[in-house]
Amino acid sequence: MLYNWLYPFHTEYSFLNVFRYLSFRIIYGAVTAFLIAFVLAPWVIKKLQEIKLGQQIRADGPQRHLAKSGTPTMGGMLILFAVVLSTLLWADIARPYVWLVLLAMLGFGAIGFIDDYLKFIKSQSKGLSAGQKFTAQVAVALVIALVLYFLPGYTTKLSIPFFKNFVPDLGWFYVAFAVMVIVGSSNAVNLTDGLDGLAIGPVMIAAMAYTIVAYVTGHRLMSDYLIIPHIEGAGELAVFTAAILGASLGFLWFNTYPATVFMGDVGSLPLGAALGTVAVISKHELLLLMVGGVFVIEAVSVIFQVISFKSRGKRIFLMAPIHHHFEMKGWEEPKVVVRLWIIAILLALLSLSTLKLR
Ligand code: 57M
């Protein structure tokens, strides 16, 4: 918005030229989101405590979690606010992609909010049913995918990491594929959000990686040089992902072990959906499997555990998702979290190397 309002005056006030530089707006998008989240968090946490919006802890989980009972949840509202406000301030709001990612964030945020709110008023750990949640997620993702499909100039071709010439055109199937990426990513981040700082760390790392991806895809020369698809206007998504990074850092200050706030579904569902939507728009959908590798590991551990338990009555892990397995083995919570962050950083670095390795 600042770009749209202030840049036109650059001929009279030359210092306003800075708004033309995407790199400047990316950095200040991150800093603004960080400051909003960091400064408002103590007030939000106090309000959540006052209205007794504390977490109900399931008794069948790792016993150490019972001590977390009553920790304020729904801190994700603050992340949403910081990301949306900072993006509106620093991105070029004339670009439709900016509105699409905000739609993803707010749409999935609304689903998460309803889920958390129902858990709160029913005073139990059940919110929306799995079916209701999934239907709502598919509906929002479908709107995003259809808008993209009909957006002039948007391609339904799929770029595959390591291959520069094999770019299959998915046609109509691309809509279903995009829905799958967005909904899958949203749920995988949600499953990961079970230890202090566990989800927000890899979210930050993935947001950082996609800031680079969005920047180069939106840059004609760089995308030509790297032989990756050039998406006009996708660079603005880097302002959005940088805002996610900033807001997440501010949130992490309070969510790190021992957490004084949890994000709730109102945080985890939109953060995952936002990453999925950026992956789709920047045409680096499959790369998300690697950039968000920790989310994939967590989700796959649940799938394998459920299949194994249903088919042969035996568990593969002591408890799924896999972070509970390590807890049950006796690892301290911060050790599980930091080790998964290490894996996330390595995977993000490897993912970025694929931009050149093709
Ligand atoms: C998200 N939510 C946390 C918090 C957070 C299919 C099945 C695998 C689903 C899975 C599940 O319900 N996942 C959803 C996990 C919960 O956190 C809240 O939820 C929000 C995210 N949606 O923001 O508001 C608990 O996680 C802990 N936590 C922290 N720090 C944080 O910063 O410590 C969260 C954030 C919090 C807190 O304890 O209460 C959750 O785990 O419920 N189900 C499971 O994860 C359950 N696994 C299971 O049933 N496994 C079985 C299946 C696969 C066959 C098995 O392995 O045999 C576990 N979760 C719990 N108890 N709580 C195990 C039992």
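The values are calculated or read from the model by the stated rules, or taken from the named source; none is laboratory data. Remember, predicted model here, so these are calculated numbers, not experimental data. In this analysis, Cβ positions are derived from the backbone assuming ideal geometry, glycine residues included, and neighbour counts consider all displayed protein chains.
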Self-check item: Considering residues of region 241-271 that are within 10 Å of the ligand (Cβ to nearest atom) and of a type in the set (Gly, Ala, Ser) only, the residue farthest from Leu170 (Cα to Cα)
Solution: Ala259
Self-check item: Scan of region 154-209 for residues that are polar (S, T, N, Q), away from the ligand (no atom under 16 Å from the Cβ) and in contact (Cβ under 8 Å) with a residue 12 or more places away in the chain, ordered by number
Solution: Thr155, Thr156, Ser159
Self-check item: Candidates Arg58, Arg64, Arg95 - the one that is crowded, with 17+ Cβ neighbours inside 10 Å, among the basic types (Lys, Arg) and on the phi < 0 side of the Ramachandran plot
Solution: Arg95
Quiz item: What tally of residues in region 98-123 results from selecting those that are surrounded by fewer than 21 Cβ atoms within 10 Å (Cβ to Cβ) and modelled with pLDDT under 95?
Solution: 6
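Where in region 291-358 are the helices (runs of 4 or more DSSP H), entirely inside, with at least 3 residues that are more than 23 Å from Asp196 (Cβ to Cβ) and polar (S, T, N, Q)?
On the way: elements: 293-312, 322-328, 333-353.
Per the criteria, no element qualifies.
Name every residue in region 1-23 that is hydrophobic (A, V, I, L, M, F, W, C), in a helix (DSSP H, G or I) and in contact (Cβ under 8 Å) with a residue 40 or more places away in the chain, in order of residue number.
Taking region 1-23 first, the residues hydrophobic (A, V, I, L, M, F, W, C) are 1-2, 5-6, 9, 15-16, 18-19, 22.
Checking which are in a helix (DSSP H, G or I) leaves us with 2, 5-6, 9, 15-16, 18-19, 22.
Selection gives Leu2, Leu22.
Okay, residues lined up against (1) surrounded by fewer than 20 Cβ atoms within 10 Å (Cβ to Cβ); (2) part of a helix (DSSP H, G or I); (3) of a type in the set (Val, Ile, Thr); (4) within 21 Å of the chain's Cα centre (by Cα):
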residue: Lys133; (1), (2), (3), (4): no, yes, no, yes
residue: Ala145; (1), (2), (3), (4): no, yes, no, yes
residue: Pro152; (1), (2), (3), (4): yes, no, no, no
residue: Asn165; (1), (2), (3), (4): yes, no, no, no
residue: Val179; (1), (2), (3), (4): no, yes, yes, yes
Exercise. Could you please let me know if Gly70 is exposed (fewer than 15 other Cβ atoms within 10 Å of the Cβ) and assigned to a loop (DSSP other than H, G, I, E, B)?
Key: yes
Quiz prompt | Which listed residue is crowded, with 24+ Cβ neighbours inside 10 Å, charged (D, E, K, R) and out of contact with any Lys or Arg (no Cβ under 6 Å at 6 or more places or on another chain), from Glu327, Glu332, Glu298 | solution = Glu298
Quiz item: For region 194-210, what are the residues that are within 21 Å of Pro334 (Cβ to Cβ) and either out of contact with any helix residue (DSSP H, G or I) (no Cβ under 9 Å at 6 or more places or on another chain) or part of a helix (DSSP H, G or I) (or both)?
Solution: Ile200, Gly201, Pro202, Val203, Met204, Ile205, Ala206
Practice problem: Within region 285-295, identify whether any single residue is buried (at least 18 other Cβ atoms within 10 Å of the Cβ), within 13 Å of the ligand (Cβ to nearest atom) and either under 30 Å from Val239 (Cα atoms) or in contact (Cβ under 8 Å) with a residue 40 or more places away in the chain (or both), and answer yes or no. | Solution: yes
Quiz item: Out of the residues in region 229-262 that are in contact with a helix residue (DSSP H, G or I) (Cβ under 6 Å, 6 or more places away or on another chain) and not in a helix (DSSP H, G or I), which is surrounded by the fewest Cβ atoms within 10 Å (Cβ to Cβ)?
Solution: Tyr257
Quiz item: Can you name the number of the only condition in (1) without any contact (Cβ under 8 Å) to a residue 12 or more places away in the chain; (2) more than 10 Å from the ligand (Cβ to nearest atom); (3) not small (Gly, Ala, Ser) that Leu40 fails?
Solution: (1)
Quiz prompt | Scan of region 43-66 for residues that are basic (Lys, Arg), within 14 Å of the ligand (Cβ to nearest atom) and closer than 15 Å to Ala259 by Cα, ordered by number | solution = Arg64
Quiz item: Can Val266 be described as of a type in the set (A, V, I, L, M, F, W, C), in contact (Cβ under 8 Å) with a residue 24 or more places away in the chain, over 30 Å from Pro96 (Cα atoms) and part of a helix (DSSP H, G or I)?
Solution: no
Quiz item: From the set of residues in region 56-88 that are touching a residue at least 24 places away in the same chain (Cβ under 8 Å) and in contact with a strand residue (DSSP E or B) (Cβ under 9 Å, 6 or more places away or on another chain), which is farthest from Leu103 (Cα to Cα)?
Solution: Thr71
Exercise. May I ask you to list the residues in region 103-132 that are among the polar types (S, T, N, Q) and within 11 Å of the ligand (Cβ to nearest atom)?
Key: Ser125
